[in-house]
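The values are calculated or read from the model by the stated rules, or taken from the named source; none is laboratory data. Owing to the predicted nature of the structure, the values given are computational and were not obtained by experimental measurement. When we count neighbours, we look across all protein chains shown, and the Cβ atoms used for this are built from the backbone with ideal geometry, even at glycine. In case anyone asks, the SASA skips ligands and DNA or RNA and just uses the protein heavy atoms, side chains included. Shrake-Rupley method; radii C 1.70, N 1.55, O 1.52, S 1.80 Å.
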Amino acid sequence: FFRSSALHFSPAAPAMSPDSNPPRSKATVVPVARLQDKFPELPEYDNPMTYHSGAEFRSEGELIHQTITENAHNKDPSRHKFDEYDAVLRAGPKEKICFDPPTVNAAIVTTGGLCPGLNSVIEEVVRCMKVNYGAGTIYGIRYGFRGFGGDEYEPLELTTLNTLNIHIKGGTILGTCRGHFNEDNIMGFIESKSISQVYVIGGDGSHRAALKINSLCEAKGTRCAVIGIPKTIDNDIPFFDKTFGFDTAVMEAAKYIDCAFTEASSVVNGVGLVKLMGRDAGFVCRNAALSSNVVNACLIPEIPFQLDGPDGLLQWLTDHLKANQNAVILMAESAGQDHMPIQGKDATGHNVYGDVGKWMKQTIEDHWKATGSEGKVFLFDPSYSIRSVPANSGDNALCIQLAQAAVHAAFAGYTGATVGMFHGLFAVLPIEKVVGNGAKPRRVKPNGTLWQAAAMRLSFHPYLDPKRQGALRKMQSM
């Protein structure tokens, strides 16, 4: 699927010389669609960054290999992600692009829930398009996909001036919502505004919508590059190392954990119970527990736990309080759902769960009442507050790099694609591979390195057999 630069000519320059950096590897590479594949007559243009930024361009053969570790038994190589391919494309600017920059009109839309860093991505997409490429009009679509209708919410024309320093604000200046995907409105907007690039900033549902937009453009013969930028504090987008906003959410969660410990340690048999976001994945809880030295139990959806019996949570809590006088329990919002019924589905088809925080608090209090014990549960539910803050410095740096990677991918002609961190570098992947049929969301691995590191500091281990759990508790009490 690679296109040799020696086969193309630029209206702005004489014939190109052969690629000076041909692929040196025979690795199989995850293919990513390009507009040039469907429209081979598309001309090529010099990347304007050649003349003003001294950019280091990526050759077509620049890849990121999948497997970086391996064990003697070839079981579960720790970072192997695609069974049928050896490598993925590395993101970055190309020396030749398939758009004449001044003629490029683009649309940016933020969808789904809030996440730290949305404004950072918007700001940098606009800056990169305008400053590095000299693009035309950039439309900010209001309130998710519903804003493509135009009648209800007029789009914002985004400039480097009206997006300057919006990264210091939480949320998104464009607004967001779930659902409201209307094919006719979206394609009508793309065609009426001569849109040639669409940037969809969102999670798995938003990426499926981006894939649909790409299919509609392809069916209509519309020359439009559709690029996704993955966003979710749940960190459950497959294949990528992490999504932007995750580290900020963990940092904010740690503040509540500290407060929970302060409250719990100030009374007799105090329990600090902290419920954190994590729709079907426990990454926020895992990393928050790992970053805090005061968490005693971490309950995540990937690891079921018992309530009753000698190895249940309630018996553990009784023993722990007897020895330590206080406890801090961390819960993902979807943990313990085998003890509670699912409430239904949201607008994007995701499960809606009951309030496990209130349920756990009541369960502990009922247990104390039944056993004649005393204690006090302090329930902390930061909920949306960990996602509605601005990105911290690390996430802001990630947002900037993701936004730049997305713009470079679009100008190179990649479409139906998404960008993300892959082994610490930035890669371009087809959306179909990431959220299409058969794609499995990321989940915490109970045998993974980070969970094991966090678990070593915990005293409740629901996944261990009774003998090992008892031995571990004895060691931790020494």
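Side notes on the structure shown:
- Peptides 328-334, 220-226 ordered by average Cβ neighbours within 10 Å, highest first: 328-334, 220-226
- This model, with +1 at the C-beta of Lys and Arg and -1 at the C-beta of Asp and Glu, gives the range 161-283 a dipole about its Cα centre of some 320 debye.
- When you count the other C-beta atoms within 10 angstrom of each residue and take the mean per peptide, 39-45, 91-97, 398-404 line up highest first as 398-404, 91-97, 39-45.
- Size descriptors for the range 153-235, from the alpha-carbon set: Rg then Dmax equal 13.9, 40 Å.
- Relative to the longest principal axis of the Cα atoms of the chain, the long axis of helix 204-220 makes an angle of roughly 20 degrees.
- Computed over the range 145-235: relative contact order in percent, which uses C-alpha pairs under 8 Å that are six or more apart: 27
- Averaged per residue, the range 262-421 has 38 square angstrom of accessible surface, using a 1.4 angstrom probe with ligands and nucleic acids left out.
- For the chain, the share of DSSP beta bridges that are antiparallel, to the nearest 5, is 35%.
- Around the Cα centre of the chain, unit charges on the Cβ atoms of Lys, Arg, Asp and Glu (plus for the first two, minus for the last two) sum to a dipole of about 680 debye.
- Summed over the residues of the range 116-191 and divided among them, the accessible surface reaches 42 Å² per residue at a probe radius of 1.4 Å.
- Per-q log10 I(q)/I(0), the range 100-214, q = 0.23 Å⁻¹ (Debye; single scatterer per alpha-carbon; no solvent): -1.40
- Entries of LYS255/LYS376; LYS231/LYS445; LYS38/LYS433; LYS94/LYS193; LYS38/LYS220; LYS130/LYS220 with Cα pairs more than 18 Å apart: LYS255/LYS376; LYS231/LYS445; LYS38/LYS433; LYS94/LYS193; LYS130/LYS220
- Relative contact order (percent, whole number), the chain, Cα cutoff 8 Å, 6+ residue spacing: 19
- Distance distribution P(r), the range 218-322, all Cα-Cα pairs, bin width 10 angstrom from 0: 13, 34, 28, 14, 6, 4, 2, 0 percent.
- Measuring with a 1.4 angstrom probe and ignoring ligands and nucleic acids, CYS259 comes out at about 70 Å² accessible.
- Environment charge at CYS399 (Cβ cut-off 9 Å; Lys +1, Arg +1, Asp -1, Glu -1): -3
- Per-residue surface analysis assigns HIS320 an accessible area of about 20 Å², computed on protein heavy atoms at 1.4 Å probe radius.
- Percentage relative contact order, the range 197-259, counting C-alpha pairs under 8 Å, at least six apart: 31
- If you wrap the range 294-437 in the convex hull of its Cα atoms and look at it from every side, the mean projected area works out to 12.7 nm².
- Using the Cβ of LEU211 as centre and a radius below 11 Å, the other residues enclosed give a net charge of 0, where K and R count +1 and D and E count -1.
- Given their separation in residues at 0.36 nm each and the Cα-Cα distance between them, GLU154 and ALA453 gain 102.7 nm when the chain is fully extended.
- Taking only protein heavy atoms and a 1.4 Å probe, the accessible area of the chain is 51% carbon and sulfur.
- Most positive-pole-ward Cα, VAL377, ALA397, ILE166, against dipole of the chain from beta carbon charges: VAL377
- Cα-based Rg / Dmax (Å) for the range 240-284: 13.2, 44
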